Amino acid sequence: MGLTLERPTQAPGPAVPRPSPGSGRGSRARWVWGWAYSGILSVMLTLTVLLGYLVTGIASGTVDWTALLTSSTWSPGNLAFGGLAMIYGSAVVCVLALVLAVPVGWAAAVALSEYLPPRLARPLRLSIELLAAVPSIVYGLIGIMVIRPFVADLGDVPGGDSLLAAGIVLAVMIMPTIVAVSVDALAAVPGRYREAAYSLGLTRREVVRSAVLPQARPGMRAGVLLGLARALGEAIAVFMVIGRADDRLPESLGDVFSFLVRPGQTLTTKLAGPEPMLAGTSGPYFAALCGLGIILLTLVAVATVWGTRGSTGRAVRAPRARRSSAWLRTPKDRLTTAVRLGALLLPGALLVGMLGILLARGGAALNPVFWFTPSEGASGGGIRDQIVGTLLLLATTALIALPLGYGAGIVIGTRASAKTARVLETLTVAVGGTPTILLGLAGYVLFCTTMGWGRSWLAGAVVLVPVVIPVVALTTAGRIRSMPAEITEAALALGLTSSQYVRSVVIPYTWPATLTGLLLGLARAAGETAPLIFTATVFFGAPALPTGIVNAPVQALPTHIFTLSQDSGAPEAIAQAWGSALVLVLITAGLLSLAVFLRNRFEGARRWTT
């Protein structure tokens with residue numbers, strides 16, 4: 001007879017006797033839990049440092065919050081610091097991105113989950129996940145090549161730098177997030193809901209509308225808000241196509257649409273520009289920039305917390321009954337099927353088009369000489385030093401982030417109560433959604449200025465760690481929650497201490513998922529540009545491998561691409577930027593493919609039975 005056991009809410013620490021402090025078991029327990037809690041401490045420390053940097057900066061000068069929130073005039077020479085035009089720009093590009101990405105993303109997710117067979121849905125989902133792993137600097141390059149000319153023709157404006165171009169680029173960037181999270185939400189709906197609906201004679205469209213979407217709606221909304229958090233925090237891709245024009249605000253309702261095709265400014269592009277370096281580390285100028293950082297961080301935190309809040313205790317609202325003519329049911333069902341499958345084609349077309357552009361413009365990357373020779377002058381030679389610098393940053397980031405993220409995931413999954421776990425998860429997600437430009441600015445002040453490191457590869461790796469830790473921690477915690485209850489019960493029955501339970505049961509069960517989370521986090525960190533600009537990299541002159549820590553910069557692919565695309569219009573520089581972009585995408589795709597391989601290889605490979 002089968003036995004079903006419920007997973008205890010606090011497993012297993014509070015339920016087992018704690019070893020005495022002087023015993024060998026006690027020493028091992030302190031070591032294990034000291035390591036695990038250091039992960040949670042790192043999450044708290046990141047938030048504390050970030051808030052401390054912003055609050056200290058605000059306290060170093062006088063911030064006129066009324067002017068910052070209501071005035072559009074930004075003139076440091078006249079001590080006028082109005083941020084309304086930047087807030088308006090951030091709102092406009094985010095709304096544009098959501099309007100373009102949400103309908104397509106939701107329709108594609110429904111098609112993947114409800115219309116396609118699993119053997120066809122899996123590779124299509126992988127292609128969308130690959131789209132999500134494309135570095136933001138590559139999106140910016142494609143925006144310069146494709147989106148800006150499109151907007152220039154559409155609005156008959158020179159250049160094409162505009163709010164509309166930034167909104168389109170952001171829409172492409174957040175669509176994979178919306179699709180991936182929505183597919184997970186749809187897949188979590190129990191199959192018995194669909195079976196009951198089909199048994200009533202409903203069409204597929206009616207089953208999805210009446211039985212599936214009401215259950216999946218909270219998760220799909222979470223995907224939208226997580227995409228919004230990414231759009232609010234994105235700096236580099238927007239920086240490359242928006243034009244960075246201050247004080248642009250429509251004077252009438254009729255100007256709103258005409259301003260869409262004109263240059264603008266957002267909170268992130270203002271912080272990613274040269275002004276944080278020119279403002280110093282104190283005074284009203286620096287305080288006003290920190291005030292913009294507080295506004296940005298608040299917006300991202302609200303979107304992240306709202307998107308990840310639980311739906312416990314809220315009843316799912318029943319769909320309203322709608323009358324439909326019997327003879328229209330079949331045509332409506334066919335039309336809906338065609339629309340949803342058509343929406344699924346768009347992400348695939350974007351991926352194919354993006355790869356086609358990269359292969360056509362970055363053909364130099366297909367030559368091994370380009371990979372293994374150092375650069376010459378501003379835009380000659382290869383990119384050996386940039387590849388070595390990028391791999392050094394990623395390897396150091398992995399060494400620091402893996403134990404911290406793993407420890408945080410173990411505490412969230414095994415040690416914390418349900419309420420505490422939700423709080424810790426929310427804080428972890430908030431760290432993951434923090435704009436990386438703020439991490440770079442805080443790292444610049446802390447490491448490069450206060451500690452006197454100057455540009456340092458170690459400082460760059462440290463500011464990338466908060467990008468990776470949340471992915472590792474949340475992946476590990478999720479894996480622990482999926483652990484069969486029988487395993488925990490068996491461990492308790494054998495009298496294992498909490499530390500023995502972690503070392504003998506939790507780590508062997510979760511390490512494949514943790515490794516997958518690490519590679520996914522590194523894939524995102526590989527494309528980060530904004531934090532490295534301030535802390536770790538130079539364009540030219542740094543050795544391939546640094547010999548120390550202080551004043552020891554490196555060269556890296558993301559900042560190399562960014563500098564080439566911004567500072568030079570020479571064909572050689574543009575060609576090398578595209579070649580570097582293809583190399584960066586190949587490195588990122590390699591990490592993601594390895595993560596997917598490990599996920600498929602180890603998913604279900606271990607059979608845990610009682």
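Of all the residues that make up the range 164-219, how many are part of a helix (DSSP H, G or I) and within 28 Å of the chain's Cα centre (by Cα)?
Step one: list which residues in the range 164-219 are part of a helix (DSSP H, G or I), which gives 164-187, 191-199, 204-219.
The next check asks that each one be within 28 Å of the chain's Cα centre (by Cα); those that pass are 164-187, 212-219.
Qualifying residue count, the range 164-219: 32.
Got a sec? Which of LEU228, LEU249 is open to solvent by 30 Å² or more (accessible area, probe 1.4 Å), closer than 29 Å to ALA530 by Cα, in contact with a Cys (Cβ under 9 Å, 6 or more places away or on another chain) and touching a residue at least 60 places away in the same chain (Cβ under 8 Å)? Spell out the reasoning first.
Working: LEU249 fails: in contact with a Cys (Cβ under 9 Å, 6 or more places away or on another chain).
None of the others qualify; the one that does is LEU228.
Out of the residues in the range 375-411 meeting the condition of being modelled with pLDDT under 85 and open to solvent by 50 Å² or more (accessible area, probe 1.4 Å), tell me which one is nearest to LEU424 (Cα to Cα).
Result: ALA378.
Of the residues ARG119, ARG125, ARG194, which single one is buried (at least 20 other Cβ atoms within 10 Å of the Cβ), of a type outside the set (Val, Ile, Thr) and modelled with pLDDT under 90? Give the derivation first.
Working: ARG119 fails: buried (at least 20 other Cβ atoms within 10 Å of the Cβ); ARG194 fails: buried (at least 20 other Cβ atoms within 10 Å of the Cβ).
Unique residue meeting the criteria: ARG125.
Do we find a residue being in contact with a strand residue (DSSP E or B) (Cβ under 8 Å, 6 or more places away or on another chain), open to solvent by 20 Å² or more (accessible area, probe 1.4 Å) and assigned to a helix (DSSP H, G or I) anywhere in the range 48-71? Working first, answer last.
The initial filter retains those residues of the range 48-71 that are in contact with a strand residue (DSSP E or B) (Cβ under 8 Å, 6 or more places away or on another chain), namely 63-64, 67-68, 71.
Of the ones still in play, those that are also open to solvent by 20 Å² or more (accessible area, probe 1.4 Å) are 63-64, 67, 71.
Then keep just the ones that are assigned to a helix (DSSP H, G or I); that gives 67.
Within the range 48-71, one or more residues are in contact with a strand residue (DSSP E or B) (Cβ under 8 Å, 6 or more places away or on another chain), open to solvent by 20 Å² or more (accessible area, probe 1.4 Å) and assigned to a helix (DSSP H, G or I).
Determine, yes or no, whether SER199 is modelled with pLDDT under 85 and among the hydroxyl-bearing types (Ser, Thr, Tyr). Before the answer, list the steps.
Values: modelled with pLDDT under 85: no; among the hydroxyl-bearing types (Ser, Thr, Tyr): yes.
Judged against the criteria, SER199 is not a match.
Could you say which residue among ARG503, ARG479 is of a type in the set (Lys, Arg), modelled with pLDDT under 85 and surrounded by fewer than 18 Cβ atoms within 10 Å (Cβ to Cβ)? Show your work before the answer.
Details: ARG479 fails: surrounded by fewer than 18 Cβ atoms within 10 Å (Cβ to Cβ).
Answer to the selection: ARG503.
Within the set of pairs 6+ apart or on separate chains, which have a first residue in the range 520-549 that is acidic (Asp, Glu), a second that is assigned to a helix (DSSP H, G or I) and at pLDDT below 85, and C-beta atoms under 8 Å apart?
As it stands, the answer is GLU528/SER136; GLU528/THR436, since those pairs meet every condition given.
For a quick check of your reading of the model, give me the residue pairs whose first member lies in the range 494-511 and is more than 19 Å from ALA473 (Cβ to Cβ), whose second is of a type in the set (S, T, N, Q) and open to solvent by 20 Å² or more (accessible area, probe 1.4 Å), with beta-carbon atoms closer than 6 Å and at least 6 apart or on different chains.
none
Which members of the range 407-449 meet the condition of being aromatic (Phe, Trp, Tyr) and either more than 23 Å from ALA459 (Cβ to Cβ) or in contact with a strand residue (DSSP E or B) (Cβ under 9 Å, 6 or more places away or on another chain) (or both)? Reasoning before the result, please.
Kept after step one, since they are aromatic (Phe, Trp, Tyr), are these residues of the range 407-449: 444, 447.
Matches in the range 407-449: PHE447 only.
So which helices (runs of 4 or more DSSP H) stay within the range 78-160 end to end and still have 1 or more residues that are out of contact with any strand residue (DSSP E or B) (no Cβ under 7 Å at 6 or more places or on another chain) and without any contact (Cβ under 8 Å) to a residue 40 or more places away in the chain?
Result: 84-110, 118-132, 148-155.
For (1) in contact with a Leu (Cβ under 9 Å, 6 or more places away or on another chain); (2) under 16 Å from VAL43 (Cα atoms), each residue gets a yes or a no:
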site: THR426; (1), (2): no, yes
site: LEU441; (1), (2): yes, no
site: LEU464; (1), (2): yes, yes
site: ALA491; (1), (2): no, no
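Inspect all residues belonging to the range 168-191 and state whether any of them is of a type in the set (Gly, Ala, Ser), open to solvent by 30 Å² or more (accessible area, probe 1.4 Å) and at pLDDT 85 or above.
Taking every residue of the range 168-191 in turn, none turns out to be of a type in the set (Gly, Ala, Ser), open to solvent by 30 Å² or more (accessible area, probe 1.4 Å) and at pLDDT 85 or above.
Taking the options ALA237, ALA222, ALA197, name whichever one is in contact with an Asp or Glu (Cβ under 9 Å, 6 or more places away or on another chain) and not aromatic (Phe, Trp, Tyr). Even if it seems obvious, please write down each step before you answer.
Working: ALA237 fails: in contact with an Asp or Glu (Cβ under 9 Å, 6 or more places away or on another chain); ALA222 fails: in contact with an Asp or Glu (Cβ under 9 Å, 6 or more places away or on another chain).
Answer to the check: ALA197.
Out of the range 482-498, which residues are assigned to a helix (DSSP H, G or I) and open to solvent by 40 Å² or more (accessible area, probe 1.4 Å)?
The first filter runs over the range 482-498 and keeps only residues assigned to a helix (DSSP H, G or I), leaving 485-493, 498.
Hits for the range 482-498 are GLU486, GLU489, ALA490, LEU492, ALA493.
Let me spell it out: the conditions are (1) surrounded by fewer than 18 Cβ atoms within 10 Å (Cβ to Cβ); (2) among the hydrophobic types (A, V, I, L, M, F, W, C); (3) part of a helix (DSSP H, G or I), and VAL471 meets all of them except one. Which number is the exception?
Here VAL471 clears every test but (1).
Of all residues being modelled with pLDDT of 80 or more and open to solvent by less than 10 Å² (accessible area, probe 1.4 Å) in the range 506-520, which is nearest to VAL596 (Cα to Cα)? Just the residue, please.
Ranking the qualifying residues of the range 506-520, first place goes to THR514.
What's the number of the only condition in (1) under 26 Å from the mean Cα position of the chain (by Cα); (2) modelled with pLDDT under 80; (3) open to solvent by 20 Å² or more (accessible area, probe 1.4 Å) that GLY590 fails to meet?
For GLY590, the exception is condition (2).
Being under 30 Å from PRO274 (Cα atoms) and of a type in the set (S, T, N, Q): is that true of SER482 here?
Here the answer is no, as SER482 does not meet what is asked.
One residue is enough: does the range 425-446 have a residue meeting the conditions without any contact (Cβ under 8 Å) to a residue 12 or more places away in the chain, assigned to a helix (DSSP H, G or I), open to solvent by 20 Å² or more (accessible area, probe 1.4 Å) and more than 30 Å from PRO484 (Cα to Cα)?
Taking the range 425-446 as the starting set, the residues that turn out to be without any contact (Cβ under 8 Å) to a residue 12 or more places away in the chain are none.
No, there is no match, as no residue in the range 425-446 is without any contact (Cβ under 8 Å) to a residue 12 or more places away in the chain, assigned to a helix (DSSP H, G or I), open to solvent by 20 Å² or more (accessible area, probe 1.4 Å) and more than 30 Å from PRO484 (Cα to Cα).
Scan the range 405-440 residue by residue and report those that are within 27 Å of LEU54 (Cα to Cα) and touching a Phe, Trp or Tyr at 6+ places or on another chain (Cβ under 6 Å).
Hit for the range 405-440 is GLY440, nothing else.
The values are calculated or read from the model by the stated rules, or taken from the named source; none is laboratory data. Nothing here was measured: the structure is a model prediction, and the numbers come from that model. Positions of Cβ are generated from backbone atoms using ideal geometry, with glycine treated the same way; all protein chains shown enter the neighbour counts. Accessible surface areas use protein heavy atoms only, side chains included; no ligands, DNA or RNA. Shrake-Rupley method; radii C 1.70, N 1.55, O 1.52, S 1.80 Å.
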